[in-house]
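Colleague: This is the structure I want to talk about, given as structure tokens.
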Amino acid sequence: MTSSFADVETRALQSMGISGDPIYRAVAEAILERHSGGGVLIDVGCGAGKLWSHLRSRFDRYVGVDVVRYDGLSDEAEFHRIDLDTGRAPLPDAAGDVVVAVETIEHLENPRAFARELTRLVRPGGWVVVTTPNQLSLLSKLTLALKNEFNAFQAGSYPAHLTALLETDLRRIGAECGWVGATVAYTGSGRIPGTAGHWPQWFSRLVPRALSDNVLIVGQRPADGPDPTAGRMGG
């Protein structure tokens, strides 16, 4: 049975529209390395729009898309409301120079349809960035061994967190969407198992896959040729 819009809205509100600063910094660093400046940043699952504070100087325009408009979203944002499980963003093809989804894909029923929609939204030659909880971290693997659940997908996170994706899944999804130069990276920030503390950043960056709570994939839509997702169903 397909979720109602009210169900999706309830799930979205569990996150309060905010992710951790290390995630935003990692996304900003990835974009700054690849995008020369100007144009449109589309933030799908934008929440309260905290990413914009890290990238305001790099883009001309910020477009946020989400199930609800959260408190704190900048008045500078052009906002569009959508059910991310079933809807198509009310934006034209190739509308963004960079399209980002920060900690959103794990909330959705169909991550592949979502990735195809991100690909539709980015212009040829533009970049897509997706982040999600890292199931390969030491913390997540220990939780899986002890509780038979990934750390970010325990009972208290359901139904907000629905879909756990591995690095391999992200790479496969990127390939299916035709992204070129796709790179997986980690935030270099992770919680020490059994404590509320975090690993020292210098240490977590030595072994980022094991000691990072979140992972991101960055890929580029091909500059030439047709949309690689054209003709495929969105849902």
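Colleague: Among the residues in the range 177-184, are any small (G, A, S) and in contact (Cβ under 8 Å) with a residue 60 or more places away in the chain?
Modeller: Among the residues of the range 177-184, not one is small (G, A, S) and in contact (Cβ under 8 Å) with a residue 60 or more places away in the chain, which makes the answer no.
Colleague: Next question, about the same structure. Could you run through the range 136-158 and say how many residues are touching a residue at least 60 places away in the same chain (Cβ under 8 Å) and on the phi > 0 side of the Ramachandran plot?
Modeller: The total comes to 0.
Colleague: Would you be able to tell me the number of residues in the range 174-193 that are of a type in the set (V, I, T) and either under 17 Å from A26 (Cβ atoms) or in a helix (DSSP H, G or I) (or both)?
Modeller: 3
Colleague: From (1) part of a helix (DSSP H, G or I); (2) at pLDDT below 95; (3) in contact with a helix residue (DSSP H, G or I) (Cβ under 7 Å, 6 or more places away or on another chain), pick out the condition that doesn't hold for P159.
Modeller: Just one mismatch for P159, condition (1).
Colleague: Separate question: Please state which one of L108, L32, L55, L118 is closer than 22 Å to W179 by Cα, in contact with a strand residue (DSSP E or B) (Cβ under 9 Å, 6 or more places away or on another chain) and touching a residue at least 12 places away in the same chain (Cβ under 8 Å).
Modeller: Result of the check over L108, L32, L55, L118: L118.
Colleague: Consider the range 137-156. How many of its residues are out of contact with any strand residue (DSSP E or B) (no Cβ under 6 Å at 6 or more places or on another chain) and surrounded by 18 or more Cβ atoms within 10 Å (Cβ to Cβ)? Step through it out loud before you land on a result.
Modeller: Quick first cut of the range 137-156, residues out of contact with any strand residue (DSSP E or B) (no Cβ under 6 Å at 6 or more places or on another chain) only: 137-138, 140-151, 153-156.
Still in the list and also surrounded by 18 or more Cβ atoms within 10 Å (Cβ to Cβ): 137-138, 140, 143, 150-151, 153.
The number of residues fulfilling the criteria is 7.
Colleague: Within the range 162-171, can one find any residue that is surrounded by fewer than 18 Cβ atoms within 10 Å (Cβ to Cβ), out of contact with any helix residue (DSSP H, G or I) (no Cβ under 9 Å at 6 or more places or on another chain), modelled with pLDDT of 95 or more and not in a loop (DSSP other than H, G, I, E, B)?
Modeller: yes
Colleague: With (1) in contact (Cβ under 8 Å) with a residue 40 or more places away in the chain; (2) under 17 Å from the mean Cα position of the chain (by Cα) as the list, and L91 as the residue in question, which single condition is left unmet?
Modeller: (2)
Colleague: Within the range 192-205, can you find the residues that are in contact with a helix residue (DSSP H, G or I) (Cβ under 9 Å, 6 or more places away or on another chain) and farther than 28 Å from L118 by Cβ?
Modeller: I192, P193, G194, H198, W199, Q201, F203
Colleague: Could I ask something else about it? Considering only residues that are assigned to a loop (DSSP other than H, G, I, E, B) and surrounded by 15 or more Cβ atoms within 10 Å (Cβ to Cβ), look in the range 194-206 and name the one that is modelled with the highest pLDDT.
Modeller: Result: W199.
Colleague: Kindly provide the set of residues from the range 142-156 that are assigned to a helix (DSSP H, G or I) and either of a type in the set (S, T, Y) or at pLDDT 95 or above (or both), ordered by number.
Modeller: Result: L142, T143, L144, A145, L146, K147, N151, A152, F153.
The values are calculated or read from the model by the stated rules, or taken from the named source; none is laboratory data. This is a predicted model, so every value here is computed, not measured. Cβ atoms come from the backbone with ideal geometry, glycine included; neighbour counts cover every protein chain shown.
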